[in-house]
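> I'd like to ask some things about the structure below.
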Amino acid sequence: MEYKYAKEQQDYSDYASGKVFYSISGHPAFPVRLASEIFQRCMAHRQAIYQTTSPCVLYDPCCGAAYHLSVLAFLHRQLIQTVIASDVDEKAVSLAEKNLSLLNRTGLESRIDEIKSMLEQYGKDSHKEALKSATTLKTKLSGDLLTTKTFQANVLDKADLLKKLSPHSVDFVFTDVPYGQHSDWHGSDVANPLWSMLDSLLEVLSPSSIVAVVSDKGQKAMHEGYQRIEQFQVGKRRIIILQPI
Ligand SMILES: C[S@@+](CC[C@H](N)C(=O)[O-])C[C@H]1O[C@@H](n2cnc3c(N)ncnc32)[C@H](O)[C@@H]1O
């Protein structure tokens with residue numbers, strides 16, 4: 001896959017998972033450059049299809065620690081109005097909430113205080129580095145408050161999702177669904193979880209929406225309510241970009 005937008009490999013070390021952003025132990029972090037590339041491709045599709053550049057409501061229904069959402073909100077703040085994160089797992093949701101809190105000044109300042117107190121207590125180089133990165137991230141925060149929302153929901157259960165999210169309220173779904181040895185689909189024994197997820201999402205998508213699904217090759221993000229705009233492969237990850245029809 002050729003990078004069209006995130007053309008150069010930048011230094012993303014301030015965004016490293018487990019440094020300032022909280023991580024789920026044993027879960028590999030989503031690559032920042034790839035997240036930025038997918039985001040920008042989707043924004044370009046949204047503009048071309050719907051002629052809109054208005055800041056989007058970004059949602060991940062399988063958010064884990066909401067790591068890629070949080071990083072995207074730093075990198076592309078001007079294109080995002082609201083960040084919504086949900087997961088079936090209660091622990092993931094509470095970590096996602098902590099990461100999304102870092103997108104606003106108060107949350108980042110309390111993370112800085114937390115890192116400072118770890119540095120005082122343990123004096124580790126990793127804490128020094130984390131403090132440096134957190135201070136750099138603070139300079140990148142804009143003055144405007146970013147709206148964030150987190151909740152627990154099974155995305156395979158449409159009724160459950162609709163209890164938490166208003167119909168037609170989401171402009172851009174960017175989700176890294178369960179695959180591989182690190183996470184499994186939970187909460188249902190449906191035959192095709194990706195179809196069921198896409199089916200639930202149809203209810204919450206706005207009239208100018210785009211959906212990006214990252215999965216392994218073994219799963220097919222197909223549903224009769226969507227048209228495929230683009231598909232590409234990066235390592236073991238398959239990325240499919242869809243437009244509801
Ligand atoms: C690959 S991980 C996401 C990692 C995330 N992108 C990150 O950066 O931290 C997939 C997530 O899907 C969640 N999940 C599994 N089944 C689900 C379901 N039925 N509804 C919602 N989330 C689900 C898992 O709990 C896990 O957190």
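> Count the lysine pairs in segment 100-205 whose Cα atoms lie under 23 Å apart, taking only pairs 8 or more positions apart in sequence or on different chains.
Within segment 100-205, the lysine pair count is 15.
> Can you give the net charge of the other residues whose Cβ lies under 13 Å from the Cβ of residue 72, counting K and R as +1 and D and E as -1?
+1
> Continuing with the same structure: Would you please give the residues with an amide H less than 5 Å from that of residue 80, counting only those at least 5 places away or on a separate chain, with H modeled from the backbone geometry?
Residues meeting the amide H criterion: 56.
> I'm checking a number: the convex hull volume of the Cα atoms of the chain, normalised per residue, in Å³. What is it?
In the chain, the Cα convex hull volume per residue is 125 Å³.
> For segment 228-237, in order, what is each residue's ³J(HN,Hα) by Karplus, 6.51 cos²θ - 1.76 cosθ + 1.60 with θ = phi - 60°, in whole Hz (x at glycine and Pro)?
Each residue's phi maps through the Karplus curve to give 7, 9, 7, 9, 8, 10, 10, x, 8, 8 Hz.
> Among 140-146, 159-165, 73-79, how do they line up from the highest to the lowest mean number of other beta-carbon atoms within 10 Å?
Ranking the peptides 140-146, 159-165, 73-79 by packing returns 73-79, 159-165, 140-146.
All of the numbers you see were taken from the coordinates with simple rules; none came from a lab. If you're wondering where the values come from, they're calculated on a predicted model, not measured in any experiment. Backbone-built Cβ (ideal geometry, glycine too); neighbour counts: all protein chains shown.
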